Amino acid sequence: MKKMMLMGLVALTVGLVQAATFNWGTDASMNSQNPDLGDVGYTSPTVTFQLVFFGGTAPSVGNGNWDITTSNLAGSASGTGTLVSWSSGSYNYALGSAFFSYSADEAVINGWYGVVILDSASTGYFGFESFQVSGLTNTSPPASFQLGSTEAGEFTTVPEPTSMALLALGVAAVGLRRKFRK
Amino acid sequence: MKKLMTACAACVLAGMVSAQVESVNIVGYMSQTLTTKNNMIGLNFGAVGTGAAIPIVDLIPKNQEGLNAGANVVTGDNISVLGDSGYVTYFLCNGNIGKGGAYVAAADGWVKGGESAVTTDAIQVGGAFWFISQTAAPAAPVTLTLAGQVAADATITKTIKPGLNMIANGYAAEIAFADPATGLSVGTKGANVITADNISILAGGGYTTYFFCNGNIGKGGAYVAAADGWVKGGDSAVTTDTVPAGAAAWYISRGAANFDWVCPRPYSL
């Protein structure tokens, strides 16, 4: 039993260190909702990127598929993807371009990924790019994906509950006003 | 006066002898012909003068013929070094990473992914890395030249961690890893590739794997002395294969703890 536990521990330890890696980058991150004409359309320096793993199915993400209160997928995309922690890789955004490197064991790294692009300059909107990682093993060299540019702020996010409440309040006020006018 | 001149001459001669004794730094270079995109390279040079870790920009100068510079990791050649949490990738940048692809002189050279200036990172002698050429092919070979100071230490020690390790011989010589004199005889032995430590060498786009056999591969697990050591998968005797000078390999350690590979210098200075 002791031997079995020791073997299990060895297998676990080995599993932790083995890692396959891919790099993802974009030459320029644009912002269609908040274009800065004087700056060739670059987003603000506060753009952030979120990596989502979708497994074996190509993701289809659009309006209403990102919840800004929970920073997670919403609507029809809810439950199809898993947010990936940056602790397993590195991430950098500078000069309007982004680069990140992500590592995981070969048993789980292959599949479809999405990158959610958020920009504080266009609150309520997000960009999305997807790509597929396949055939990557722990002894493979890193695979690299590079985009010419991304379109941040392409889709609308799910509004915050407070915004929803204010909206509901506004609708109610309009309704009441009409009622009293009669 | 004659005495003074003789003393001076003696001093000069002594100085020359002393200089000769101190001058043991051997600077060399090694050329490798790359015919595939992905290449595992072993570093057997240190920085000239100190023998310390050699900066990437000195190890592979950006203007070498056959190298490809680009604006990102997909178009420029790559160097990828395996760290504790995955690879750190550098690409040979043409400097065109400014807004709208504008040229940035500070980024003209080897740039770490996500950064915007030429790197100052270095690789230790005995280190291993991937060199990814964007154009090397059998019909279009690329000659990669590495230069630096030849390792002079009596031994080079590399810590082998549980799991995968990218290893290389720090000395400019091929390594017959089945020879106990190379120091690769302290890992975990087993009767097959699953239980024993492995060494995998990349060649022709695929890996050749060896396992550290305990010799128990005879009928019913009987001990076979000829198989007690590093055996190529599918063979039944200790291998005489070598890892060529300047190449790297994977070492897969099955043990739960680190151990040191202490490799003695295979040549005299």
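What FRET efficiency comes out for residue A:130 versus residue B:143 if R0 is 56 angstrom and r is the Cβ-Cβ distance? Round to the nearest 0.05. Once rounded, the FRET efficiency stands at 0.90.
Given an 8 Å cut-off on Cα distances and at least 6 residues of separation, report the relative contact order of region B:84-150 as a percent. Could you put the intermediate results ahead of the total?
On the way: 61 pairs, mean separation 13.0, N = 67.
Once normalised by length, the contact order is 19 percent.
Counting other Cβ atoms within 10 Å as a rough exposure proxy, the listed residues B:164, B:92, B:269 run B:269, B:164, B:92 from fewest neighbours to most.
Only bridges with both residues in chain B count here: give the DSSP antiparallel percent, nearest 5.
Antiparallel bridges: around 95 percent, rounded to the nearest 5.
For chain B, the mean residue ellipticity at 222 nm estimated from helices alone is -3000 deg cm²/dmol, where every DSSP H run of n ≥ 4 contributes -39500 (n - 2.57) and the total is divided by all residues, rounded to the nearest 500.
What is chain B's relative contact order, in percent, from Cα pairs under 8 angstrom and six or more apart in sequence? Please report the intermediate quantities before stating the final value.
On the way: 636 pairs, mean separation 59.4, N = 269.
The normalised contact order for chain B reaches 22 percent.
Springs join every pair of Cα atoms under 10 Å in this Gaussian network model of chain B, and among B:149, B:134, B:64 the largest mean-square fluctuation is at B:64. Here the contact order of region B:155-264, divided by its residue count and restricted to Cα pairs under 8 Å and six or more residues apart, works out to 43 percent. The P(r) of region B:28-150 has a tail past 23 Å containing 28 percent of all C-alpha pairs. A Förster radius of 56 Å, combined with the Cβ-Cβ distance separating residue B:31 from residue A:60, puts the computed FRET efficiency at roughly 0.65. Largest GNM mean-square fluctuation among B:83, B:127, B:46, using chain B with Cα springs under 10 Å: B:83.
Peptide B:85-93 is shielded by partner chain Cβ atoms: per residue, an average of 6 of them sit within 10 Å of its Cβ.
At a Förster radius of 60 Å, what calculated FRET efficiency corresponds to the Cβ-Cβ distance of residue A:83 and residue B:47, to the nearest 0.05? Once rounded, the FRET efficiency stands at 0.90. The aspartates and glutamates within cross-link reach of residue B:99, meaning a Cα-to-Cα straight distance under 20 Å and a gap of 8 or more places when in the same chain, are A:27, A:36, A:39, A:119, A:151, B:108, B:115.
Where a number appears in this text, it was derived from the coordinates with a stated rule and is not lab data. Predicted, not measured: the structure shown is a model, and the values here were computed from it. Positions of Cβ are generated from backbone atoms using ideal geometry, with glycine treated the same way; all protein chains shown enter the neighbour counts.
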